[in-house]
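This report concerns only the one structure given below.
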Amino acid sequence: MPDNPQTNADLSALPIGMFDSGVGGLTVLHECLVTMPQEDFVYFADTARFPYGEKTAAELELFAGQIAAFLERTGVKLIVAACYSATSAALPMLQERFSTPIVGVVMPGARAAVQSSRYRRIGVMATEATVASGAYVRAIHSLDSGAEVIQEACPGLVTFIQDGDIASQELTDAVRGFTAPLKERRPDVVIMGCTHYPLVAPMLQRHLGRDVSLVNPAVEIAREVEETLARQGVSRDGEREGTYSFCSTGDVESFRTVGARFLQMPIAAVRHVSLAELEAGDE
Ligand code: DGL
């Protein structure tokens, strides 16, 4: 419990904090905006240290802890760890360390996959860090110990998508290479376990085939956040349009340009937060 418990009215007025390694988590923000248009959001992008998918678990714990400390200081009522790599490596540590409720992105998608999988063979496409952590295997097995989990790490896929390369032959070849071994093991559900993959969902569907259901965990996360706020009695009133603010550790202009493409709406002000400020706030 926090030292100075706030009233529900105080908490309702606070924004939801969200963080990711960069622009990718905007696919999660998008789903949250569709589900909770009345809420305010503060989105933190650690673009200076992107990509997270190639980092070690220890690095991800350090970065996620620094960002959660920053968001908690800013004043948020809930934190969404919108990065699959960061959630996989750092969610238990974050939840032990901070008093603000923290929702990660792995469990909501795992739950949806377990519910949708008729044959209990669940594929997971994700970064190397997410696959190495085993977080999806643990999450799925906590819900269905007998489900088969078929993981496929997809190194480099994020970069193609982020560079806007979504109709290139190189991307098509890469997707074919990642989906072929998955398909051989015949999953009936595949989780898009990385922030960037929903942007190429049609291509993934084409390569995996009509019989495979793709799970976009972002949709489930939005539902989980909405439900959590409602159960805690700290949702915002539905009669308003929320505000969105953005922080980036890297170049603000490129966050604005690439971010607008991911979010499909203009991004106005972006506050630059230096790594020195993040580190100093985490002592
Ligand atoms: N946001 C990361 C994730 O969902 C993908 C990009 C990265 O590697 O940083 O795992």
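The values are calculated or read from the model by the stated rules, or taken from the named source; none is laboratory data. If you're wondering where the values come from, they're calculated on a predicted model, not measured in any experiment. So basically every Cβ, Gly included, is an ideal-geometry build from the backbone, and we count neighbours across all protein chains shown.
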| said: Going by what's in this entry, would residue 79 be described as more than 16 Å from the ligand (Cβ to nearest atom) and either at pLDDT 95 or above or within 28 Å of residue 244 (Cα to Cα) (or both)? | reply: no
| query | Out of all the residues in the stretch 104-148, which are part of a helix (DSSP H, G or I), buried (at least 22 other Cβ atoms within 10 Å of the Cβ) and of a type in the set (A, V, I, L, M)? | reply | 106, 107, 110, 113, 129, 131, 135, 139, 140
| task | Working only within the stretch 190-207, note down all residues that are in contact (Cβ under 8 Å) with a residue 60 or more places away in the chain and farther than 17 Å from residue 131 by Cα. | result | 198, 199, 204
| task | Report whether or not residue 61 is farther than 18 Å from residue 264 by Cα, among the acidic types (Asp, Glu) and more than 14 Å from the ligand (Cβ to nearest atom). | result | yes
| Residues of the stretch 233-250 classified as part of a strand (DSSP E or B) and of a type in the set (A, V, I, L, M), total | 0
| remark: Of (1) over 20 Å from residue 103 (Cα atoms); (2) surrounded by fewer than 14 Cβ atoms within 10 Å (Cβ to Cβ), residue 48 fails just (2)
| Name the pairs whose Cβ atoms lie under 7 Å apart, with the first residue in the stretch 230-248 and over 28 Å from residue 259 (Cα atoms), the second surrounded by 11 or more Cβ atoms within 10 Å (Cβ to Cβ), and 6 or more positions between them or separate chains? | 233/8; 234/8; 234/11; 234/12; 234/77
| What single numbered condition from (1) surrounded by 22 or more Cβ atoms within 10 Å (Cβ to Cβ); (2) part of a helix (DSSP H, G or I); (3) more than 16 Å from the ligand (Cβ to nearest atom) fails to hold for residue 28? | (3)
| query | Could you count how many residues in the stretch 85-104 are within 12 Å of the ligand (Cβ to nearest atom) and out of contact with any Asp or Glu (no Cβ under 9 Å at 6 or more places or on another chain)? | reply | 3
| query | Quick one: residue 64 ticks every box in (1) small (Gly, Ala, Ser); (2) closer than 30 Å to residue 212 by Cβ; (3) in contact with a strand residue (DSSP E or B) (Cβ under 7 Å, 6 or more places away or on another chain) bar one, so which box is it? | reply | (2)
| Residues satisfying the stated conditions in the stretch 185-221, i.e. within 16 Å of the ligand (Cβ to nearest atom), hydrophobic (A, V, I, L, M, F, W, C), part of a helix (DSSP H, G or I) and touching a helix residue (DSSP H, G or I) at 6+ places or on another chain (Cβ under 9 Å) | 199, 200, 204, 218, 219, 221
| query | Only one of (1) surrounded by fewer than 16 Cβ atoms within 10 Å (Cβ to Cβ); (2) over 21 Å from the mean Cα position of the chain (by Cα); (3) of a type in the set (D, E, K, R) fails for residue 261. Which number is that? | reply | (2)
| remark: Of 118, 111, 97, the only residue that is within 19 Å of residue 231 (Cβ to Cβ) and at pLDDT 95 or above is 111
